[in-house]
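Below is one structure, written out as structure tokens; comments come after it.
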Amino acid sequence: LEDEPRESSPGTTRAKRLFRAPDPVKDQSYFLCALTQKQLSKVLFPIGQYKKSEVRQLASEFNLPNRNRPDSQGLCFLGKVKFDEFLSSYLGSRPGDVVDAMNGEVIGKHNGLWYHTVGQRKGIGKVMFPLATAHGPWYVVAKDQSKDVVYVSNRYDEDDFAKA
């Protein structure tokens, strides 16, 4: 966040400009872009110039109590509401098959494509048949919206993405 580089007229304030974070994994500009100039004028990002790994290193150096806290994977604006419950209340369910991308075998049933993202590992086991979970870990490698199919693989390999 920084002031607009142009000169401002006497008695006026310069517009604030919002930039992407240097760490693309933790960037939240897609959400922050909805803030008004009045709101942005009150915002500070004291560690905004650092990548997540650098912040972790600083926390360790300063022996901060949260230095070993695991990353949050939730949506902060949901509060205590579980992610699946949030999606369900807005999108409902549309069940479909979970398919092994390597052999085409149905190895589970999901409640909606929107509950799964390509690359996902955490939580996929809960929609798979018990015998299949033993052959994991499993990753979502593709989704087919026209068939309501989630394709998974227990071999996390770029070639698997292409096959699915």
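Annotation note: Cβ proximity below 9 Å between a residue of the stretch 117-129 that is more than 19 Å from Lys82 (Cβ to Cβ) and a residue that is small (Gly, Ala, Ser) and surrounded by 13 or more Cβ atoms within 10 Å (Cβ to Cβ) (sequence gap 6+ or interchain) occurs for Val118/Ala142; Met128/Gly108; Met128/Gly136; Phe129/Gly108.
Please verify whether Val127 is in contact with a Lys or Arg (Cβ under 7 Å, 6 or more places away or on another chain), hydrophobic (A, V, I, L, M, F, W, C) and closer than 16 Å to Asp148 by Cβ, treating the condition exactly as stated. So Val127 passes the test.
Every residue in the stretch 19-44 that is among the hydrophobic types (A, V, I, L, M, F, W, C) and part of a helix (DSSP H, G or I), please.
Phe31, Leu32, Leu40
Tyr156 is checked against (1) outside any loop (DSSP other than H, G, I, E, B); (2) surrounded by 13 or more Cβ atoms within 10 Å (Cβ to Cβ); (3) at pLDDT below 90 and fails just one. What number does that condition carry? Result: Tyr156 fails condition (1) only. Summed over the stretch 1-22, the residues that are modelled with pLDDT of 80 or more and either in contact with a Lys or Arg (Cβ under 7 Å, 6 or more places away or on another chain) or not small (Gly, Ala, Ser) (or both) give a count of 6. Select from the stretch 102-118 the residues that are more than 13 Å from Phe129 (Cα to Cα), over 23 Å from the mean Cα position of the chain (by Cα) and open to solvent by less than 60 Å² (accessible area, probe 1.4 Å) and list them in ascending order. Passing the criteria: only Gly104.
The values are calculated or read from the model by the stated rules, or taken from the named source; none is laboratory data. Predicted, not measured: the structure shown is a model, and the values here were computed from it. Backbone-built Cβ (ideal geometry, glycine too); neighbour counts: all protein chains shown. Calculation scope for accessible area: heavy atoms of the full protein, side chains included, ligands and nucleic acids excluded. Shrake-Rupley method; radii C 1.70, N 1.55, O 1.52, S 1.80 Å.
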